[in-house]
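Inspection log for the structure reproduced underneath, given as structure tokens.
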Number of protein chains: 2
Amino acid sequence: METINLNRLAYFVAVVDAGSFTRAAARLGITKTVVSQQVARLEADLRTSLLLRTTRRVEPTEAGRLLHARSVIILREAEDAFGEVAQVTTNPIGTLRIAAPNDFGTSTVAPLLAKFCRTYPACTVDLVLSDAKIDLIAHHIDVSMRVGWLDDSSQQARRIGAFRQLLVAAPDLARTISADVPDNLGQQPFIANGALREPLVWHFSRADFDRRSVRMRPAMTINATPGVLAATLAGGGLSVLPDFLVADPLQTGALVQILPDWSLPSGGIHAVYPAARFRPPKVTAFVAMLEAEVKRPSIAPH
Amino acid sequence: METINLNRLAYFVAVVDAGSFTRAAARLGITKTVVSQQVARLEADLRTSLLLRTTRRVEPTEAGRLLHARSVIILREAEDAFGEVAQVTTNPIGTLRIAAPNDFGTSTVAPLLAKFCRTYPACTVDLVLSDAKIDLIAHHIDVSMRVGWLDDSSQQARRIGAFRQLLVAAPDLARTISADVPDNLGQQPFIANGALREPLVWHFSRADFDRRSVRMRPAMTINATPGVLAATLAGGGLSVLPDFLVADPLQTGALVQILPDWSLPSGGIHAVYPAARFRPPKVTAFVAMLEAEVKRPSIAPH
DNA sequence: AACACTGTGTGCTATTCGCTTACAATGGAG
DNA sequence: CTCCATTGTAAGCGAATAGCACACAGTGTT
């Protein structure tokens, strides 16, 4: 069957409800000519007279009454549907699926979710922790947190903060290190992070001009950052860890920063969105909250 | 709120159902370009992304899933509504409201209704008997039977038959009338029909050239034709009655035709429709059946 | 009988629909 | 890893449609 123009239903219903083409046109904000024409076309499409017109009165035929009753329902449902969509597009509401790497997700994102759910009670959150790069669209991810360095990607991303990488060790081990330049660090036991692209070579810099590259000697390799942290806390060796993971241990003294005058390359914290024309408010709200959290002084670069 | 183009819902739903713009376009019989554009406009209207597109996969967003679920319902309801209307427009179905004058309605229309309802079981009939000319539209009349002579009217009419007017009397009275020309009929007792425009002056004609006009002398005036018939059967006088009313009495001998060589003006039997572009099949079916009935030899002009 | 008002027919313009062509992106095959 | 088929989108174009202003015929009221 050929498809029928649904928009004309609204015109037709308006005429029946108003009991007049003129009033319907006024209500719709268009000319009565158009209303007359559109209804006539609807009748032509259906090959039915829907309205019997006098210059004085407009009465629906049996078919007209029938169609009117059903069209009213249809139009109200459509309006409801659009209203519901409008809710989603204007308010933070619905299910927010966040992807994050295990370390950052556990240390920073997960603690924030409680506050987020409290602030936006209409939102439900799904946090998907995974260090693998997953297909945002296939997994219905609204926003993916990426920590480190973005490879070229067509997806839309926004840098919401940065993190420093800190060379740390347990206090007992740290005491044995007296050097104030990175050159000889290769002799120290090092816990390599197998999740990084280049876990062993580190580029130190100081005061914008002093640069040293050091190749570490791995005492052990662990392929997940939280594992590296645990081994480091246990005194297994030096390691390079992001600030957001070691902020607490450093404050409590469970870890000590080695060579604090030297810095390692900083990485970015990014929110990556699937390619979409419009961003749902739930996503914007969450990213804003996370950005504020990330920029809190406790883990901000000094 | 501004109105949203409902037609685009069909495009959007087709894409979600097909899981691909290309397949949706094929199914809709249009180009994928159009589908892409229409969905994009729908998204612009709603200021929401409904679909996340890859060249490989199309996934609906949360808003998209929401809208899809509701749109499917809306579209199916619309299709149902159109189907129901199509029923009414293609089959004799629904309520048929017929207006007819008391005499013709009682003598001819009413007896036919049983057959009509049997032939078209999906039809219900409302027969409105009234000698007054009523507003077809205001009373939701589908077809009005008019017997006699149509005055100028903008409404659509169709002549489905004719009737003769017969000068009749009860047999006892008829025996006292020996004249074979109408000239002296004015001396006979006459039962005038007050429902006619000119109840007393009658124009007789014979053989295409012999014409006489006679003014009758009313022994009584009755303003409803069935009453005139009753009084005539009782021997109250001569009267002029339509053939469809006196067919039976003439056959049984309860009435006798006076001056059978002379004819009185014939009138038409008309079906008058309210002004409408399309005629419902129930109306067409009824008028056809009535026309066949009217043209049956028993009451056809000789 | 004059009049206000209704719905419709008629030109006319702006927007939209739909097609063809061209192109960037993506995932699979070799 | 490269080639290639396929997908969705952009651009340009012609046709159909929506919408307007205007004029007009019919109808009920004053």
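The table below gives the values:
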quantity: Residue check for B:ASP103: acidic (Asp, Glu) and surrounded by 16 or more Cβ atoms within 10 Å (Cβ to Cβ); calculated: yes
quantity: Test: residue in region A:152-159 that is touching a residue at least 40 places away in the same chain (Cβ under 8 Å), within 14 Å of chain B (Cβ to nearest Cβ) and in a strand (DSSP E or B); calculated: yes
quantity: Qualifying residue in region A:116-126 (condition: on the phi < 0 side of the Ramachandran plot, in the same structural domain as A:GLY235 (by TED's automatic domain parsing) and part of a strand (DSSP E or B)); calculated: no
quantity: Residues satisfying the stated conditions in region B:1-35, i.e. among the hydroxyl-bearing types (Ser, Thr, Tyr), in contact with a Lys or Arg (Cβ under 9 Å, 6 or more places away or on another chain) and either within 11 Å of DNA strand C (Cβ to nearest atom) or assigned to a helix (DSSP H, G or I) (or both); calculated: B:THR22
quantity: Filter result (in contact with a Cys (Cβ under 8 Å, 6 or more places away or on another chain) and either within 7 Å of chain B (Cβ to nearest Cβ) or assigned to a strand (DSSP E or B) (or both)) within region A:48-104; calculated: A:GLY94, A:THR95, A:LEU96
quantity: Residue check for B:LEU113: within 30 Å of B:GLY194 (Cα to Cα) and either in the same structural domain as B:VAL287 (by TED's automatic domain parsing) or under 16 Å from the mean Cα position of the chain (by Cα) (or both); calculated: yes
quantity: Those residues of region A:36-64 which are without any contact (Cβ under 8 Å) to a residue 24 or more places away in the chain, basic (Lys, Arg) and more than 10 Å from DNA strand C (Cβ to nearest atom), in sequence order; calculated: A:ARG47
quantity: Residue within region A:113-132 that is more than 12 Å from chain B (Cβ to nearest Cβ), closer than 16 Å to A:VAL287 by Cβ, among the small types (Gly, Ala, Ser) and surrounded by fewer than 20 Cβ atoms within 10 Å (Cβ to Cβ) present; calculated: no
quantity: Residue in region A:165-181 that is under 28 Å from A:GLU293 (Cα atoms) and either of a type in the set (Asp, Glu) or surrounded by fewer than 14 Cβ atoms within 10 Å (Cβ to Cβ) (or both) present; calculated: no
quantity: Flag if A:PHE116 is of a type in the set (A, V, I, L, M, F, W, C), touching a helix residue (DSSP H, G or I) at 6+ places or on another chain (Cβ under 8 Å) and modelled with pLDDT of 95 or more; calculated: yes
quantity: Residue match in region B:9-29 (condition: near DNA strand D (Cβ under 9 Å from one of its atoms) and facing another protein chain (nearest Cβ under 10 Å)); calculated: no
quantity: Pick from region B:72-100, criterion more than 16 Å from DNA strand C (Cβ to nearest atom), more than 30 Å from B:ILE137 (Cα to Cα) and surrounded by fewer than 22 Cβ atoms within 10 Å (Cβ to Cβ), ranking: farthest from the chain's Cα centre (by Cα); calculated: B:VAL72
quantity: Criterion: outside the structural domain of A:THR225 (by TED's automatic domain parsing), within 30 Å of A:ILE258 (Cβ to Cβ) and polar (S, T, N, Q) - qualifying residue of A:ASN102, A:ASN184, A:ASN193; calculated: A:ASN102
quantity: Residue in region B:95-110 that is touching a Gly at 6+ places or on another chain (Cβ under 7 Å), at pLDDT 90 or above and at negative phi present; calculated: no
quantity: Contacts under 6 angstrom Cβ, first residue in region A:216-235 being more than 21 Å from A:GLY148 (Cα to Cα), partner in a helix (DSSP H, G or I), 6 or more apart; calculated: A:ARG217/A:GLY186; A:GLY235/A:ASP172; A:GLY235/A:LEU173
quantity: Failed item, numbered, when A:ALA174 is tested on (1) over 16 Å from A:VAL246 (Cβ atoms); (2) assigned by TED's automatic domain parsing to the domain that holds A:VAL201; calculated: (1)
quantity: Region B:171-220 - residue that is β-branched (Val, Ile, Thr) and within 26 Å of B:GLN251 (Cα to Cα) and, of those, farthest from the chain's Cα centre (by Cα); calculated: B:THR176
quantity: Residue within region A:182-191 that is hydrophobic (A, V, I, L, M, F, W, C) and either surrounded by fewer than 21 Cβ atoms within 10 Å (Cβ to Cβ) or under 18 Å from A:TRP149 (Cβ atoms) (or both) present; calculated: no
quantity: Count - residues of region B:36-49 that are in contact with a Lys or Arg (Cβ under 9 Å, 6 or more places away or on another chain), more than 9 Å from DNA strand D (Cβ to nearest atom) and not charged (D, E, K, R); calculated: 5
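The values are calculated or read from the model by the stated rules, or taken from the named source; none is laboratory data. Worth saying up front: this structure is predicted, and the values here are computed from it rather than measured. All Cβ positions, even for glycine, are placed from backbone atoms using ideal geometry, and neighbour counts span all protein chains on display.
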